[in-house]
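Data first, discussion second: the structure below is written as structure tokens.
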Amino acid sequence: MALISGCGKTADSKENKANSTEQTKDIETANETEQNKDVQTEENADKQEGEEQQIPDEQNVSVQTGDNIKVYYSNADASGFESEEVAVESLSSNEVLKALVDKGVLPVDVSLLSFKEFEKDNEKLLELDFSDKFNTYIKTLGTSAEYYIVGSICNTFLDAYGSDKIHITVNGDVFTTGHAEYPGFMGKFN
């Protein structure tokens, strides 16, 4: 009896090469998938950095980035309102105030001490508390100019925040001028 021994590599060898090739392809596919995940994760991180918004505080509630708001102001002869769409970096009380300053409705030294947005009895309400500079400025105006300045502020904030009514105070006190007193919430001016 003759025993022929062989290494048995010929049949097994082809099978091993096929398995090895499949394993290599599987490893390459897994590596490509990992690399794609890494790229997607980096892209998402970049997007999140670019979309990062300021942490809102009571004075600067940030709603979203790249908004347009309608800014109201008095027409040339102080007989009605005009409005213009303007871009703001984010919808915040400070950005809305800045837009009013840029349109000449308010002087640059007027500031908001606080801003609150809330809901009560199914109405969306805003509360603005201005610095003394606001009251000082308003008291220099005539009755008609006062009406259009206060109306421009109300209409601009109400439209920007989609609110129903607004209450304006000065240093936490009732907003009073030589022409009028504004003790409660106001709607849009016509």
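The values are calculated or read from the model by the stated rules, or taken from the named source; none is laboratory data. Since we're looking at a predicted model, the values are computed, not measured. Neighbour counts run over all protein chains shown; Cβ positions are idealised from the backbone, glycine included. Heavy atoms of the whole protein, side chains included, go into the accessibility calculation; ligands, DNA and RNA do not. Shrake-Rupley method; radii C 1.70, N 1.55, O 1.52, S 1.80 Å.
Residue check, residue 55 against (1) of a type in the set (A, V, I, L, M, F, W, C); (2) open to solvent by 40 Å² or more (accessible area, probe 1.4 Å); (3) at pLDDT 70 or above, all met but one. Which one?
In the conditions (1) of a type in the set (A, V, I, L, M, F, W, C); (2) open to solvent by 40 Å² or more (accessible area, probe 1.4 Å); (3) at pLDDT 70 or above, residue 55 misses (3) alone.
Cβ-Cβ distance below 6 Å, separation of 6 or more or different chains: which pairs start in the stretch 59-82 with a residue that is under 15 Å from residue 100 (Cβ atoms) and modelled with pLDDT of 95 or more and end on one that is basic (Lys, Arg) and part of a loop (DSSP other than H, G, I, E, B)?
Once the first residue is under 15 Å from residue 100 (Cβ atoms) and modelled with pLDDT of 95 or more and sits in the stretch 59-82, its partners that are basic (Lys, Arg) and part of a loop (DSSP other than H, G, I, E, B) give 71/103; 73/103.
For the stretch 102-128, how many residues are open to solvent by 20 Å² or more (accessible area, probe 1.4 Å) and either over 19 Å from the mean Cα position of the chain (by Cα) or acidic (Asp, Glu) (or both)?
Residues meeting the conditions: 15.
Kindly indicate the residue of the stretch 142-162 that is farther than 17 Å from residue 103 by Cα and surrounded by fewer than 20 Cβ atoms within 10 Å (Cβ to Cβ) and also modelled with the highest pLDDT among those meeting that condition.
Only one residue tops the list, namely 162.
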